[in-house]
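Visitor: Take a look at this one; I'll ask things after.
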Amino acid sequence: MSGSIGFIGLGVMGEPICRNLLRKSGRGVLAFDLAAEPLARIVADGGIAANSIEDVVAGAETIFLCLPSAKHVTSVFASILPAIRSGQTVIDLGTSDVGQTRAFAKQLSEKGALWIDAPIARTRQAAQDGTLSVMVGATPEQFATVEPLIRHFATDVTLCGGTGAGQVTKILNNMVLFETVNALAEAVALAKHSGVEPKLLLETLSKGSADSFALRNHGMKAIVVKEFPLRAFSTEYAMKDLSYALELGAQAGLNLRGAALMREIFQETIDKGMGDAYFPVIAKLIDPSGFPQ
């Protein structure tokens, strides 16, 4: 199946990304997921269901992975490695450990194949709209090969450096996001207790130097309206990504006090039974009275 695309992982972000590739690339898409429902929806849109990871590797030239964590990527990699052939490319869209990413790239290169880290940023809505931001770790030549495919589901595609640089950039993106969302949660709680309406507060901040993507999305669409769905970027996943940042900090000999405090906040949130909820749920720790049970 020369030129065909493989896609493994049809979760919250993976399914809409796969659908955009299916609709826009003009190529066949061979998809695999352990859950039957999203796979059936992709087949209904014209995709082909694979029976296994090995089937995807056998039938596709370029294989995208969109998996929840490094643990899942490690498991899938164990099935990919024996089946991969020279000339194939695997693109990891998830946020993964930097050292693991570089180790996987080395193992595939020994078989004449490529492993490219291309973690995605922005929301599920952006995945549906094809307006994600993607941070790529690759050589300029490799980037030129994969960028046209990535642009079927992303409007901002950045070459961040060599293998692993995409992961470093995404990990730091998330570290800044988490700390910003905590600041927004504190501001909303303080505004409410000081006689300023939270929605008005964030609308006003959005017109000044405190404006941010986090304010307009995580602040306005989650914290202010008190909506923390389960099928979103959970506190447990946020904790996982933050751990990667703290690991990089330790390796560099840096004391990341803000990130370390966020780890405590996330752990407390998880301990209170909110690990599966959308991570802006940390607002409940700051002002429990604002969230009646």
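Visitor: Go through the stretch 67-103 and report how many residues are under 24 Å from Glu236 (Cβ atoms) and either among the acidic types (Asp, Glu) or open to solvent by 20 Å² or more (accessible area, probe 1.4 Å) (or both).
Guide: Within the stretch 67-103, the first condition is being under 24 Å from Glu236 (Cβ atoms), and the residues that meet it are 67-78, 92-101.
Now narrow it down to the ones that are either among the acidic types (Asp, Glu) or open to solvent by 20 Å² or more (accessible area, probe 1.4 Å) (or both): 67-68, 71-72, 74-75, 78, 92, 97, 99-100.
Final tally of qualifying residues: 11.
Visitor: Are there any pairs with C-beta distances below 6 angstrom linking a residue in the stretch 106-123 that is within 20 Å of Gly6 (Cα to Cα) to a residue that is open to solvent by 70 Å² or more (accessible area, probe 1.4 Å) and assigned to a strand (DSSP E or B), with the two at least 6 apart or on different chains, and if so which?
Guide: Listed by first residue and then by second, the contacts come to nothing, as the list is empty.
Visitor: Next up: Filter the stretch 1-25 for residues that are within 15 Å of the chain's Cα centre (by Cα) and aliphatic (A, V, I, L, M); which is surrounded by the fewest Cβ atoms within 10 Å (Cβ to Cβ)?
Guide: In this case the residue turns out to be Val12.
Visitor: Another one. Enumerate the strands (runs of 3 or more DSSP E) found wholly within the stretch 96-199, keeping only those where 1 or more residues are of a type in the set (Phe, Trp, Tyr) and within 21 Å of the chain's Cα centre (by Cα).
Guide: Correct list: 114-117.
Visitor: Separate question: Quick one: which of Glu236, Glu264, Glu268 is surrounded by 12 or more Cβ atoms within 10 Å (Cβ to Cβ), charged (D, E, K, R) and more than 20 Å from Thr123 (Cα to Cα)?
Guide: Glu268
Visitor: When both residues are 6+ apart or on different chains and their Cβ atoms are under 7 Å apart, which pairs have a first residue that lies in the stretch 169-197 and is farther than 16 Å from Thr235 by Cβ, and a second that is open to solvent by 60 Å² or more (accessible area, probe 1.4 Å)?
Guide: Going by the 7 Å Cβ cut-off, the qualifying pairs are Glu186/Ile286; Ala189/Ile286.
Visitor: Here is a further query. Between Ala78, Ala40, Ala103, Ala36, which is without any contact (Cβ under 8 Å) to a residue 24 or more places away in the chain and closer than 20 Å to Lys170 by Cβ?
Guide: Exactly one residue qualifies, and that residue is Ala103.
To keep it simple, each residue is scored yes or no on (1) hydrophobic (A, V, I, L, M, F, W, C); (2) assigned to a helix (DSSP H, G or I).
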| site | (1), (2) |
| --- | --- |
| Gly3 | no, no |
| Gly6 | no, no |
| Leu10 | yes, no |
| Glu15 | no, yes |
| Leu21 | yes, yes |
| Ala31 | yes, no |
| Pro38 | no, yes |
| Asn51 | no, no |
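Visitor: Checking the structure you have, find out if any residue of the stretch 275-290 is within 20 Å of Leu184 (Cβ to Cβ), exposed (fewer than 13 other Cβ atoms within 10 Å of the Cβ) and either of a type outside the set (A, V, I, L, M) or in contact (Cβ under 8 Å) with a residue 12 or more places away in the chain (or both).
Guide: Checking the stretch 275-290: at least one residue is within 20 Å of Leu184 (Cβ to Cβ), exposed (fewer than 13 other Cβ atoms within 10 Å of the Cβ) and either of a type outside the set (A, V, I, L, M) or in contact (Cβ under 8 Å) with a residue 12 or more places away in the chain (or both).
The values are calculated or read from the model by the stated rules, or taken from the named source; none is laboratory data. Treat the numbers as computed from the prediction; the structure is a model and nothing was measured. For neighbour counting, all protein chains shown are included, and Cβ atoms are generated from backbone atoms with ideal geometry for every residue, glycine included. Quick note on the areas: whole protein, heavy atoms, side chains included, nothing else; ligands and nucleic acids left out. Shrake-Rupley method; radii C 1.70, N 1.55, O 1.52, S 1.80 Å.
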